[in-house]
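The values are calculated or read from the model by the stated rules, or taken from the named source; none is laboratory data. Small disclaimer: the values here were computed from a predicted structure and weren't measured. Counting neighbours? That spans all protein chains shown, and the Cβs are built from the backbone with ideal geometry, glycine included.
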Amino acid sequence: MPDFDTPEGADRDLSPSEAARLRRRDRDAEARARDLLRPGMGKVFKQIQDAQARAAREPPKRKRGRRA
């Protein structure tokens with residue numbers, strides 16, 4: 001039975017093209033996670049939190065109904 005807990009075990013039963021696709025997928029997922037750690041992203045995160053807090057404090061705006 002293959003050992004799928006390790007990357008080597010998972011690659012053993014896969015074709016080379018499928019194994020490469022899985023490695024690219026994992027690398028792309030890791031890149032997205034690292035993208036949030038770029039310099040300046042803390043400021044963006046703070047801006048989002050501030051906007052959400054402001055929206056929670058203010059009453060929702062009433063939408064005007066359309067007259068037919």
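For Glu30, indicate whether it is modelled with pLDDT of 90 or more and either surrounded by 10 or more Cβ atoms within 10 Å (Cβ to Cβ) or among the hydrophobic types (A, V, I, L, M, F, W, C) (or both). No, not satisfied.
Tallying residues that are modelled with pLDDT under 90 and surrounded by 10 or more Cβ atoms within 10 Å (Cβ to Cβ) within segment 33-68 yields 5.
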